[in-house]
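Visitor: Would you mind keeping the following structure in view while I ask a few things?
The values are calculated or read from the model by the stated rules, or taken from the named source; none is laboratory data. Because the structure is a prediction, the values reported are computed rather than measured. Methodologically, a virtual Cβ is constructed for each residue, glycine included, from the backbone with ideal geometry; neighbour enumeration extends over all protein chains shown.
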Amino acid sequence: MKRLTFILLLVILLPVYAQAAGPVRKIYRDSIVPKTYQYVVRGDKPLMMDVYTPDEARPDSACVIFMFGGGFVNGSRTDLNVRLFCQQLAHAGYTAVAIDYRLHLREVKGDTIRLTNMQRIFRDAINIGAEDCADAVAYICRNADAWGVNPRHIVLSGSSAGAISVLQLDYCRANCLAPAAALPAGWRPAAVVAYSGAVYCDGKRAHYDSAPAPTFFLHGDKDKIVNYRKFPPLLHSGLYGPKKLHRLFEKKGYPHWYFIYEGIGHEVSGLMNYTIQEFDAFVDKTLAGSRMQYDATLRDANVRPTKWTSMNVFELYKGK
């Protein structure tokens, strides 16, 4: 397995963050109108998905499921940045699917979240998100022929809470845990791409009974909302961030890309629309059978720290 370690100057490789938003919106906003489907009903709540069909599909008929961010409190599959990302993916030949999922923390009062109950509350929210993603996968697989999708080439991706949910689904699949129960028998993601994500482990350290899907981690090394390392730091249970997962993946030889943005916090969760080339390269390599470990520290003067770099998870939910 090949491992590359280097420092990239993103000003060379990526569109300039501060200037790209205008052109991206101009080119892609509402350029492909999705079709909306109800994929499951949970309680009395119907969950919907928007399917962006490419004019010219990739030869491998790949599909991307994207889960929005918002701390399991806010966000929508119809948010502008989600629409832009799905439209970019569709123009690149993917069938792009933006899904609803239940926002469990919307029902929890922010001032009731304490260190003593945080793990239980977040565990429930994360597992619910993973469970809904599993239902979305099952629905897409049932409609794969009609939509021109290869069920073996479904990529899971998400931002922040959505990134946690897709990583959690693959973790539950690999460990035969309940939130993955709705997945078709024997199904596994072709890849997982997580913008500021983590995995929740209950009672013991992060581990995979069977191999995870090839995974692309993109994260800020100053992130204290979805912690770069682990939260809480001293217990086995809790959220394992990309630094911890990277070490595990390296040790076990699991294929993955590990892009860490130096000096940046949770801002990375919003960089989907500026990393489409990297996303595409990762999926291309993965579907071609590459088993790379790719390790990069990224610096870009145009991606500057904001309040999301200094904010921690308690401050995030204080005014929920």
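Visitor: Where residues in the range 193-227 are among the β-branched types (Val, Ile, Thr) and in contact with a Ser or Thr (Cβ under 8 Å, 6 or more places away or on another chain), which of them is surrounded by the fewest Cβ atoms within 10 Å (Cβ to Cβ)?
Guide: ILE225
Visitor: Would you list the strands (runs of 3 or more DSSP E) that sit entirely within the range 173-233 and hold 3 or more residues that are closer than 26 Å to TYR39 by Cα and either at pLDDT 95 or above or of a type in the set (A, V, I, L, M) (or both)?
Guide: By residue number, 191-195.
Visitor: In this structure, does ALA98 turn out to be within 18 Å of PRO189 (Cα to Cα), assigned to a strand (DSSP E or B) and within 16 Å of the chain's Cα centre (by Cα)?
Guide: Yes.
Visitor: Return the total of residues in the range 251-287 being more than 17 Å from CYS86 (Cα to Cα) and β-branched (Val, Ile, Thr).
Guide: Qualifying residue count, the range 251-287: 4.
Visitor: Under 9 Å between Cβ atoms, at least 6 apart or on separate chains: pull out the pairs that start in the range 35-46 with a residue that is without any contact (Cβ under 8 Å) to a residue 12 or more places away in the chain and end on any residue that is surrounded by 12 or more Cβ atoms within 10 Å (Cβ to Cβ) and assigned to a strand (DSSP E or B).
Guide: Matching pairs, first to second residue: GLN38/LEU47; GLN38/MET48; GLN38/MET49; VAL41/LEU47; PRO46/TYR39; PRO46/VAL40.
Visitor: When you check ALA163 against the structure, is it touching a residue at least 40 places away in the same chain (Cβ under 8 Å), crowded, with 18+ Cβ neighbours inside 10 Å and touching a Gly at 6+ places or on another chain (Cβ under 6 Å), yes or no?
Guide: Spelling it out, ALA163 is indeed touching a residue at least 40 places away in the same chain (Cβ under 8 Å), crowded, with 18+ Cβ neighbours inside 10 Å and touching a Gly at 6+ places or on another chain (Cβ under 6 Å).
Per-residue answers, yes or no, for (1) in contact with a helix residue (DSSP H, G or I) (Cβ under 9 Å, 6 or more places away or on another chain); (2) of a type in the set (A, V, I, L, M):
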residue	(1), (2)
GLY148	no, no
PRO151	yes, no
SER159	yes, no
ALA174	yes, yes
PRO179	yes, no
PRO184	yes, no
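Visitor: May I ask you to list the residues in the range 279-291 that are surrounded by 14 or more Cβ atoms within 10 Å (Cβ to Cβ) and modelled with pLDDT under 95?
Guide: Within the range 279-291, just SER290 meets the criteria.
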